[in-house]
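The structure appears below as structure tokens.
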Amino acid sequence: MSKLQEHPLDTKIPPPVVLLLHMLASWGLVQITGHFTMAESLKIGGTLVLSSIGVVVALAGVWAFRRHNTSVDPVHVDKASTLVTDGVYRFTRNPMYVGLLCLLVAQNWYLTSPAGALAVLSFIGYMTRFQIKPEERFLLKAYGQAYRDFLGTTRRWL
């Protein structure tokens, strides 16, 4: 499939739904493969830290979009009215998705199963292919050189 060709899944499933499906898959993998033992304080502490980071990073992305009066709707990327490159967007082009990823990693930390890494990798792959790349195509078309410059200075994930 060429870079410009659209796929039926491109920006169709809201990222929180994608996260929920991957969380369910991760839980299912733990039921099949089992888990290892971890001190409860480390398990809960790590989960809280990772979850907190995820929520803060995702909300920082939403807040930056709100400050610039642009849409946060990931299903209708054409509603974006401004290219946001400041705030948390200086560190990642997709802080809302990084935040969701942190929540998935937090869940897997809590479940203490290495098999959960498969769900994490699947989430990254799905989001990159069916959400981020279609958004990037739109942003390149809409913002041209300004977006190319942003691509050159800021990473997709981290």
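Every number in this text was worked out from the coordinates using simple rules, so none of it is lab data. The structure displayed is predicted, hence computed values, not measured ones. Positions of Cβ are generated from backbone atoms using ideal geometry, with glycine treated the same way; all protein chains shown enter the neighbour counts.
With an 8 Å cut-off on Cα pairs and a minimum separation of 6 or more residues, tell me the relative contact order of the chain in percent.
Working: 183 pairs, mean separation 56.9, N = 158.
Rounded, it is 36 percent for the chain.
Scan the chain and note any complete DSSP helix (H) whose C-alpha atoms cover at least 20 Å along its axis and whose Kyte-Doolittle average is 0.0 or more.
Qualifying helices: 15-33, 40-67, 95-111.
Restricting the calculation to Cα positions, tell me the Rg (one decimal) and the Dmax (whole number) of the chain in Å.
Both quantities, over Cα of the chain: 16.8, 51 Å.
Say R0 is 25 Å: what FRET efficiency, to the nearest 0.05, do residue 27 and residue 158 get from their beta-carbon distance? Walk me through the intermediate numbers first.
Working: r = 25 Å, r/R0 = 1.00.
Efficiency for this residue pair is about 0.50.
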